[in-house]
Each structure stands twice: as C-alpha cells, then as structure tokens.
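Before any comments, here is the structure.
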Amino acid sequence: ENINLYDSLTTAFERANPDLEITKKLREKVSRLQQTSVDGIVPDIEMKTPEGKAIRLSTVQKKYTLIDFWASWCGPCRSESNTLNALYEKYNAKGFEIYGVSLDDNKNKWLKAIEKDNRTWTNVSSLQGFKTPASYDYAVTALPDNYLIDANRKIIAKNIHGEELVTLINELLDK
C-alpha cells in the first residue's frame, strides 16, 4: 500500500548515497515489492513435486491461479485446506488452479500434510524452508501467504483468505 512512498524514499537515498551496499539492497527490496504488488507480474517458479518431477507454474496456470505458500507446521495454512479443497473442486474445470508452494524442510512432514489435508492440486517444494528462491522472489516472510494471478501472471489479489477468497473466486468464475 505504501510502495510509492518506499520508492520515493529509496530514490532520495540513492541520490545521497549511491555507493553504499544498503542502497543496492533497498532498491532490490522496493523492486521486489513492486513486482509482487497487486497489478505486478509474478516471476515463474520451477520446483519439484513430491515425486521429484520439476513443475513450472507457467505449465499449470489457468485462467486464475492461486499461488499458495504454506507449510506442514503452519496451523492457519492447514486449516485453510478445507476452503481450498472446496474452491478447487468447484472451479478447477472452470479455469481455477492452485500451485501449492511448501516452505517445509522435512519431506515426510510435507508429504503427510498433503495427504491428510487432501491437497490434490500441484504441490511443490525445494525443502529449503524460507531459503527457497521462490520465497525470496515473492517476498514471502510469513505464512500463510498467497497470490491470485490471471493467465498472464498479473496479480489480482494477494494475502486473501477464507470468505474473502471464496467471494472473489465466486465473482470471477461464476460469470
């Protein structure tokens, strides 16, 4: 919401301190925030499924895709599974996909959570926790976190959960 303020502050700081390492880091952070704000275009992700197959976001995305960052140890992530299951079942055939990015670092816990929560959509992980490149690219610092994108990878909404998510998906796909 404050991205324009951050950008102007960073620009002023860059002018005053062009050679500092922190200047470069600030610009990088603002650029990442701009990219991952509503109306931004998200980068592609390529990670492995539980079976070890590399799957790119761009190969599974549909009319609307929810990029769901979660982990087996995240209670709110796990409790949202019922909502995601209902949306996936109702709208997958109408162009809704979920690309689940786990920030787990324990494969067994990840696999058990997928099975227990009945996460039947594409699930991927690097098993590096928050050190996974996708976490960095998408500026994920806490869970749950998600991005709803269109077919062109443009962000329509982010960090939208529960009834708010259900209402938006209903509006988009019940036309």
Can you spot the lysines whose alpha carbon is less than 16 Å from LYS154's alpha carbon? Ignore those fewer than 8 places along the same chain.
LYS62, LYS63
Label point distance in nm, ASN118-ASN152, each placed 7 Å from Cα along Cα→Cβ
3.7 nm
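In square angstrom, what is the accessible area per residue of the chain with a 1.4 angstrom probe?
Per residue, the chain has an accessible area of 54 Å².
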The range 1-80 and the range 92-109: distance between their alpha carbon centers, rounded to Å
17 Å
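Using a 1.4 Å probe over the heavy atoms of the protein chains, calculate the carbon and sulfur portion of the accessible area of the chain as a whole percent. Kindly include the intermediate steps, with their values, before the conclusion.
Working: 4720 of 9440 Å².
About 50 percent, which is the carbon plus sulfur part of the accessible surface.
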Can you tell me the Rg and the Dmax, both Å, for the Cα atoms in the chain?
17.2, 54
Nearest 10 degrees is fine. How inclined is helix 107-117 to the longest principal axis of the chain, computing both from alpha carbons?
60 degrees
Using alpha carbons only, how many degrees (0 to 90, rounded to 10) separate the axis of helix 21-35 from the longest principal axis of the chain?
40 degrees
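Given the pairs LYS53/LYS90; LYS94/LYS116; LYS107/LYS131; LYS109/LYS158; LYS48/LYS107; LYS29/LYS158, which span a C-alpha to C-alpha distance of over 22 angstrom in this model? All intermediate terms of the calculation are to be shown ahead of the outcome.
Working: LYS53/LYS90 27 Å; LYS94/LYS116 26 Å; LYS107/LYS131 15 Å; LYS109/LYS158 26 Å; LYS48/LYS107 12 Å; LYS29/LYS158 17 Å.
Those over the limit are LYS53/LYS90; LYS94/LYS116; LYS109/LYS158.
Rounded to the nearest 0.05, what FRET efficiency do SER58 and ASN92 give with R0 = 25 Å and r taken as the Cβ-Cβ distance? Could you check? Could the numbers behind the result be given before it?
On the way: r = 18 Å, r/R0 = 0.71.
The calculated FRET efficiency here is 0.90.
The values are calculated or read from the model by the stated rules, or taken from the named source; none is laboratory data. Quantities reported herein were computed from a predicted structural model and do not represent experimental measurements. Because the Cβ atoms are built from the backbone with ideal geometry, glycine has one as well, and the counts that use them run over all protein chains shown. Areas reflect the complete protein model, heavy atoms only, side chains present, ligands, DNA and RNA absent. Shrake-Rupley method; radii C 1.70, N 1.55, O 1.52, S 1.80 Å.
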